[in-house]
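Read the structure below first, then the notes.
The values are calculated or read from the model by the stated rules, or taken from the named source; none is laboratory data. None of these values were measured; they are calculated from a predicted model. For neighbour counting, all protein chains shown are included, and Cβ atoms are generated from backbone atoms with ideal geometry for every residue, glycine included. To get the accessible areas, we keep the full protein, side chains included, count just its heavy atoms, and leave off ligands, DNA and RNA. Shrake-Rupley method; radii C 1.70, N 1.55, O 1.52, S 1.80 Å.
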Amino acid sequence: MLKLEGLRSGYGRIQALHGIDLEVREGEIVTLVGANGAGKTTLLMTICGDPRASAGRVVLGGEDITGLATHHIMRKGIAHSPEGRRIFPRMTVLENLQMGAATADPAHFDADLKRALDLFPRLNERLDQRGGTLSGGEQQMLAIARALMSRPRLLLLDEPSLGLAPLVVRHIFEIIRTINRDQGVTILLVEQNAYHALRLAHRGHVMVNGRIALSGSGAELLANPEIRAHYLDGGAA
Ligand SMILES: Nc1ncnc2c1ncn2[C@@H]1O[C@H](COP(=O)(O)OP(=O)(O)OP(=O)(O)O)[C@@H](O)[C@H]1O
Ligand SMILES: [Mg+2]
């Protein structure tokens with residue numbers, strides 16, 4: 001479904017991605033783990049066209065979308081739940097979800113809203129509350145629900161578990177599994193929490209300094225001693 005070929009990008013003179021080759025097949029959860037500053041967020045943002053790729057290609061369902069403007073890319077069936085949630089704090093929960101649905105066919109709105117609220121009943125109780133007053137976990141739920149409202153084929157999730165209590169983290173990962181399995185959404189997941197992410201993912205990649213250093217099935221990477229030493233210490237706690 002998604003193919004990255006020799007993808008490079010960065011910020012001004014700083015190059016953050018040094019030629020990324022990566023494939024996400026239809027129906028998969030693929031996870032990207034790596035240290036702070038490895039380029040994970042930049043990778044998701046480059047798929048969305050901001051920053052623009054300086055070389056290489058982003059191919060979605062056979063179509064080259066490299067260099068398209070972000071709002072055009074979002075209409076191709078990609079949704080992005082960015083790092084740090086970035087919900088609209090002054091808008092209510094319902095208004096946030098309406099914003100997420102802006103590119104979708106309005107005929108589906110009621111059904112899509114019900115589907116999102118069934119996944120996140122806590123949001124259903126808070127439809128009129130302003131986004132900025134939600135708890136951290138609730139804001140993360142809203143960010144994911146908002147992304148789903150565009151009916152994506154491919155969902156890009158950047159650190160959905162960041163800053164959340166262990167119980168909420170487990171809940172968020174279960175929901176990600178449900179979105180993939182029951183709703184058929186393909187997922188590219190960036191996570192610091194390598195333990196949970198690799199357990200969930202069909203395949204994973206380890207990013208180091210803007211490159212893919214290691215790839216394998218989630219189970220293979222979980223069992224890899226190097227990964228255990230560098231990324232899993234404390235991650236299982
Ligand atoms: N807006 C920006 N301007 C300049 N440099 C940036 C910008 N955003 C990121 N960078 C740099 O690009 C590199 C990759 O950053 P990126 O945010 O993609 O890493 P990351 O893997 O997501 O890290 P983290 O796990 O901390 O979120 C870093 O060296 C970072 O300093
Ligand atoms: Mg990041």
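Screening GLY84 against (1) assigned to a loop (DSSP other than H, G, I, E, B); (2) within 14 Å of ligand 1 (Cβ to nearest atom); (3) surrounded by 15 or more Cβ atoms within 10 Å (Cβ to Cβ) leaves a single unmet condition, (3). If only residues of segment 59-81 that are assigned to a strand (DSSP E or B) and in contact with a Cys (Cβ under 9 Å, 6 or more places away or on another chain) are counted, the one that is most open to solvent (accessible area, probe 1.4 Å) is HIS80.
Entry remark, segment 41-53: residues being within 6 Å of ligand 1 (Cβ to nearest atom) and open to solvent by less than 10 Å² (accessible area, probe 1.4 Å) number 0 in total.
The condition of being part of a strand (DSSP E or B), surrounded by 16 or more Cβ atoms within 10 Å (Cβ to Cβ) and in contact with a Lys or Arg (Cβ under 9 Å, 6 or more places away or on another chain) holds for ILE20.
Across segment 147-184, the number of residues qualifying as open to solvent by 40 Å² or more (accessible area, probe 1.4 Å), within 16 Å of ligand 1 (Cβ to nearest atom) and either in a helix (DSSP H, G or I) or touching a residue at least 40 places away in the same chain (Cβ under 8 Å) (or both) comes to 1. Restrict the check to segment 174-195 and report whether at least one residue is at pLDDT below 90 and among the polar types (S, T, N, Q). The answer is yes; a qualifying residue exists. If the condition is being open to solvent by 80 Å² or more (accessible area, probe 1.4 Å), assigned to a helix (DSSP H, G or I) and closer than 11 Å to VAL93 by Cα, then segment 112-141 contributes ARG122, ASN124, THR133.
The residues listed here are ARG228, ARG199; of these, the one that is open to solvent by 60 Å² or more (accessible area, probe 1.4 Å), in a helix (DSSP H, G or I), more than 13 Å from GLY34 (Cα to Cα) and not hydrophobic (A, V, I, L, M, F, W, C) is ARG199.
Looking at GLU5, GLU28, GLU63, which one is acidic (Asp, Glu) and within 24 Å of ILE179 (Cα to Cα)? One residue alone meets the criteria, GLU28.
For MET91, the criteria (1) among the aliphatic types (A, V, I, L, M); (2) closer than 21 Å to GLY137 by Cβ; (3) within 11 Å of ligand 1 (Cβ to nearest atom) hold in every case but one, which is (3).
Are any of the residues in segment 208-220 open to solvent by less than 50 Å² (accessible area, probe 1.4 Å) and touching a Phe, Trp or Tyr at 6+ places or on another chain (Cβ under 6 Å)? Looking through segment 208-220, none of the residues is open to solvent by less than 50 Å² (accessible area, probe 1.4 Å) and touching a Phe, Trp or Tyr at 6+ places or on another chain (Cβ under 6 Å).
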